[in-house]
Amino acid sequence: MADNPHHGQTQSAGAQTTGHVWDGDLQELNNPLPAWWTYTFYATMVFALVYWVIYPSWPIGKGFLPGMSTITYLNADGKEESWHWNTRAKLLKESQDAVIAQKPYYDKVAGLPYEQIGKDPELSSFVLSAGKAVFSDNCAGCHQAGGQGKVGLFPNLVDDDWLHGGGFDKINQTISKGRRGYMPPFGEALDQAQVDELAQYVFSLSGGKADPVKAGKGKELFHSQTGACYYCHGDDAKGRQVIGSANLTDKVWLWADVPGLADDAAKIGAIKKVIAGGLDKGVMPAWESRLNAEQIKLLTVYVHELGGGK
């Protein structure tokens, strides 16, 4: 069939058409839009005009229409300052409102002894929510979001193993003043055989299957003036919190990824690497210059609860 459009207004059973006809009787109707649709379209135009007046909108040269709406917030000097509506000003205002809303809780945390905070259900809930937010902003970059740390880099805060002590005062001191861990390299003071013997002994302390002969020699070296490991780790090898030396008798490993390795030879090799190369990267910065006393106390309680502090 060939299309044979005819133009001109025609009527089809009382309905208005556009005048286009195909095949003699196929017509295109010209029905008007529903009234609700038409009014809705006009309403969107009005809304757009009002929006352009109230909020930032069209670019003009190197600037833009700032709009009539303003936001009032406190500037760096603590004085009220109004600015045209924008997302940055809105964020400042919302952040300040949140600080004002949380201030009574921070004041209550600051005024109570550590042991009393956990006994207040409302404060406990605040510590859990606000402490998590402060931890996420300042601590999670190293210790991970859940506080599990990263072997070889940052301590795990969710276990009950504490290098410097897990009491409230010790955690507060760690956060406020920072810490710096150090272990001298023994690769130059000891030969490879002695490093291997020490590694075998250290591996055996936490239940690892070490060569008994080498581990025996390593034990002697550990307690001798040559190795002098007992100076820091103690005669019982359980570490000394006063200087942050590790407990070598448990199965908690920070610098050598012993649990993550498949066989004993690889695990001993990781320990040898630490003994020979030493450690000078266990640095945690002091936070007292970045966080106020109330935030540090809040973090102290939060971290204490993460790891069952003691």
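Side notes on the structure shown:
- If only residues of segment 243-263 that are of a type in the set (A, V, I, L, M, F, W, C) and without any contact (Cβ under 8 Å) to a residue 12 or more places away in the chain are counted, the one that is surrounded by the most Cβ atoms within 10 Å (Cβ to Cβ) is LEU261.
- Number of residues in segment 100-112 that are free of Cβ contacts under 8 Å to residues at least 40 places away in the same chain and out of contact with any Phe, Trp or Tyr (no Cβ under 9 Å at 6 or more places or on another chain) equals 6.
- Among the residues of segment 74-91, those that are closer than 24 Å to ASP137 by Cβ and modelled with pLDDT of 85 or more comprise ASN86, THR87, ARG88, ALA89, LYS90, LEU91.
- Residue in segment 252-274 that is farther than 30 Å from PRO212 by Cα and either small (Gly, Ala, Ser) or not in a loop (DSSP other than H, G, I, E, B) (or both) present: no
- If you go through segment 175-190 and pick out every residue that is within 21 Å of the chain's Cα centre (by Cα) and assigned to a strand (DSSP E or B), you end up with 1.
- ALA286 surrounded by fewer than 16 Cβ atoms within 10 Å (Cβ to Cβ) and either in contact with a Gly (Cβ under 6 Å, 6 or more places away or on another chain) or not assigned by TED's automatic domain parsing to the domain that holds PRO184 (or both): yes
- Pairs where the first residue, in segment 78-91, is more than 15 Å from MET68 (Cα to Cα) and the second is of a type in the set (Phe, Trp, Tyr), C-beta under 9 Å, 6+ apart: GLU80/TYR73; GLU81/TYR73
- Restricted to segment 195-239, and to residues there that are surrounded by 15 or more Cβ atoms within 10 Å (Cβ to Cβ) and basic (Lys, Arg), the residue that is nearest to GLY269 (Cα to Cα) is LYS214.
- Filter result (outside any helix (DSSP H, G or I) and either of a type in the set (S, T, N, Q) or in contact with a Cys (Cβ under 6 Å, 6 or more places away or on another chain) (or both)) within segment 118-174: GLN144, GLN148, PHE154, ASN156
- In segment 118-142, the residues that are without any contact (Cβ under 8 Å) to a residue 24 or more places away in the chain reach residues that are exposed (fewer than 14 other Cβ atoms within 10 Å of the Cβ) with C-beta atoms within less than 7 angstrom, at least six apart or across chains, in these pairs: SER136/ALA145.
- For segment 161-202, filtering for residues that are touching a Leu at 6+ places or on another chain (Cβ under 7 Å) and within 18 Å of TYR114 (Cα to Cα) leaves 1.
- Qualifying residue in segment 291-301 (condition: touching a residue at least 60 places away in the same chain (Cβ under 8 Å), out of contact with any Gly (no Cβ under 8 Å at 6 or more places or on another chain), among the β-branched types (Val, Ile, Thr) and part of a loop (DSSP other than H, G, I, E, B)): no
- GLU115 fulfils the conditions (1) modelled with pLDDT of 90 or more; (2) over 21 Å from the mean Cα position of the chain (by Cα); (3) in a helix (DSSP H, G or I) except for a single criterion, (1).
- For the residues SER125, SER176, the requirement of being under 30 Å from LEU299 (Cβ atoms), hydroxyl-bearing (Ser, Thr, Tyr) and at pLDDT below 95 singles out SER125.
The values are calculated or read from the model by the stated rules, or taken from the named source; none is laboratory data. Since we're looking at a predicted model, the values are computed, not measured. Note: ideal-geometry Cβ built from the backbone for every residue, glycine included; neighbour counts use all protein chains shown.
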